[in-house]
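What follows is one structure encoded as structure tokens, with my remarks underneath.
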């Protein structure tokens, strides 16, 4: 049987935290940053977590 491969796009976008949750980066921080407030950009810096309903699907993409 062939090896299970990790989805390359998923391993670039997601990481597992110590307690098993899946971390992700937040959207809206690439361009047009002049019109967004400093507070908004600061909060976008912090990592977010994947929603519980999507957790299983993304974990399957990350499984190697």
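Summary table
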item: At 0.692 mPa s and 37 °C, Stokes D of the chain from Kirkwood alpha-carbon radius, µm² per second; result: 242 µm²/s
item: Relative contact order computed over the chain (Cα-Cα under 8 Å; 6+ residues apart), in percent; result: 44 percent
item: Cα-based helix-to-principal-axis angle, 52-62 vs the chain, degrees rounded to 10; result: 60 degrees
item: Residue-averaged 222 nm ellipticity for the chain, from DSSP H runs of 4+ at -39500 (n - 2.57), nearest 500; result: -10500 deg cm²/dmol
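Values quoted throughout were computed directly from the atomic coordinates according to the rules given, and no laboratory measurement underlies them. As the structure is a prediction and not an experimental result, all values here were calculated from the model.
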